[in-house]
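Colleague: A single structure is presented below for examination.
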Amino acid sequence: MGGYEVRFNVYAASQAEADEAAQAIKEFIAAHAHAGRAVTAKKVAAAVRNWEGNPLVRARIISYFKS
């Protein structure tokens, strides 16, 4: 398994804000890797697809993004 670059667009007020989001994602992945957990593309894809199946998680995420 190797590392691959993932590129996508996010809404942001500036490039600096987008860069901050990218850095936070990189730090999230690195922290889990340091703890011995692999944040793989397959697991991220499954998590994103499955969030709607959990009403509590779904409601919290929607509430967070609305604020």
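Taken together, the values in this text are just the output of simple stated rules run on the coordinates, not laboratory data. Note that the structure is a prediction, hence the values are computed from the model and not measured. Glycine also receives a Cβ, built like all others from the backbone with ideal geometry; neighbour counts cover every protein chain displayed.
Colleague: Looking at the square roots a ≥ b ≥ c of the eigenvalues of the Cα gyration tensor of the chain, which shape do they give, rounded for a/c under 1.5, prolate if a/b is larger than b/c, or oblate?
Modeller: It comes out oblate by the Cα gyration axes.
Colleague: Suppose the chain between residue 20 and residue 32 were pulled fully straight at 0.36 nm per residue; how much longer would it get relative to their current alpha carbon spacing?
Modeller: 2.5 nm
Colleague: Any aspartates and glutamates with Cα under 19 Å of the residue 26 Cα? List them, leaving off those in the same chain fewer than 8 positions away.
Modeller: 5, 17
Colleague: Placing +1 on the Cβ of each Lys and Arg and -1 on the Cβ of each Asp and Glu in the chain, which of 51, 23, 11 has its Cα farthest towards the positive end of the resulting dipole?
Modeller: Sorting the options by dipole projection puts first 51.
Colleague: Let me ask something else about it. Counting other C-beta atoms within 10 Å, and keeping those with at most 14, which DSSP coil trypsin sites (Lys or Arg not before Pro) do you find in the chain?
Modeller: 7, 37
Colleague: Name the chymotrypsin sites (Phe, Trp or Tyr not before Pro) in the range 8-67 that are in a loop by DSSP and that have at most 12 other C-beta atoms within 10 Å, would you?
Modeller: For chymotrypsin sites (Phe, Trp or Tyr not before Pro) across the range 8-67 that sit outside H, G, I, E and B with at most 12 neighbouring Cβ atoms in 10 Å, the list reads 8, 11.
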